[in-house]
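The values are calculated or read from the model by the stated rules, or taken from the named source; none is laboratory data. Bear in mind that the values here come from a model prediction, so they are computed numbers and not experimental data. All Cβ positions, glycine included, derive from the backbone under ideal geometry; neighbour counts span all protein chains shown. To get the accessible areas, we keep the full protein, side chains included, count just its heavy atoms, and leave off ligands, DNA and RNA. Shrake-Rupley method; radii C 1.70, N 1.55, O 1.52, S 1.80 Å.
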Amino acid sequence: MNVSRFVSCQDEYSLVVREIEKDLLPAAQQYRLGLLPFFPLASGLLTGKYRRGTAAPEDTRFAKWPALRDRYVTPRNEDMVEKLQAFAQARGHTMLELAFSWLASRPLVSSVIAGATRVEQVEQNVKAIDWALSAEDIAEIDGITK
């Protein structure tokens with residue numbers, strides 16, 4: 001058919017998992033690849049439902065799979081999440097909106113792989129990218145997360 005095929009990377013990428021910015025994203029840019037990030041909410045850490053010093057709610061991933069909790073719930077990540085929560089709240093947004101809007105602002109992100117178990121989660125996911133982050137917002141976020 002003489003058309004270009006669809007080519008993309010699919011890797012973990014979120015406000016708390018940014019290691020791919022060192023090597024993978026520059027390579028993707030050079031080779032003109034898009035990125036489909038998975039775990040955009042760091043398995044729920046970036047939803048705002050987990051609080052430092054409290055047990056994970058029973059019906060959540062962190063309660064059901066302690067290995068996931070142990071992977072994401074670190075002192076560094078908890079500090080970061082608290083600062084991101086304050087950032088989002090000061091602007092009238094949720095953590096989910098921040099996490100998705102930040103990913104949508106990344107030049108190589110083609111779309112976001114977002115899971116949902118309830119209809120309201122799908123609606124929240126769709127609404128999340130309505131927040132267009134400014135260059136100043138992104139600089140402040142980078143200051144928190146890098």
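Summary of values
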{"read-out": "Out of Asp79, Asp130, sole residue that is within 17 Å of Leu15 (Cα to Cα) and open to solvent by 60 Å² or more (accessible area, probe 1.4 Å)", "value": "Asp79"}
{"read-out": "Residue check, Phe87 touching a residue at least 40 places away in the same chain (Cβ under 8 Å), in contact with a Pro (Cβ under 9 Å, 6 or more places away or on another chain), in a helix (DSSP H, G or I) and open to solvent by less than 40 Å² (accessible area, probe 1.4 Å)", "value": "no"}
{"read-out": "Yes/no for Lys49 being among the basic types (Lys, Arg), part of a helix (DSSP H, G or I) and within 26 Å of Ala132 (Cβ to Cβ)", "value": "no"}
{"read-out": "Of all residues in the range 90-109 being of a type in the set (A, V, I, L, M) and open to solvent by less than 50 Å² (accessible area, probe 1.4 Å), the one that is nearest to the chain's Cα centre (by Cα)", "value": "Ala99"}
{"read-out": "Residues located in the range 102-146, provided they are outside any loop (DSSP other than H, G, I, E, B), farther than 14 Å from Phe39 by Cα and of a type in the set (S, T, N, Q)", "value": "Ser105, Gln121, Gln124, Thr145"}
{"read-out": "Index of the failed condition, Ala28 passing every other in (1) over 27 Å from Gln121 (Cα atoms); (2) without any contact (Cβ under 8 Å) to a residue 60 or more places away in the chain", "value": "(2)"}
{"read-out": "Identity of the residue in the range 2-61, of a type in the set (S, T, N, Q) and open to solvent by less than 30 Å² (accessible area, probe 1.4 Å), that ends up modelled with the highest pLDDT", "value": "Ser14"}
{"read-out": "Those residues of the range 52-84 which are closer than 16 Å to Ile144 by Cα and outside any loop (DSSP other than H, G, I, E, B), in sequence order", "value": "Pro75, Arg76, Asn77, Glu78, Asp79, Met80, Val81, Glu82, Lys83, Leu84"}
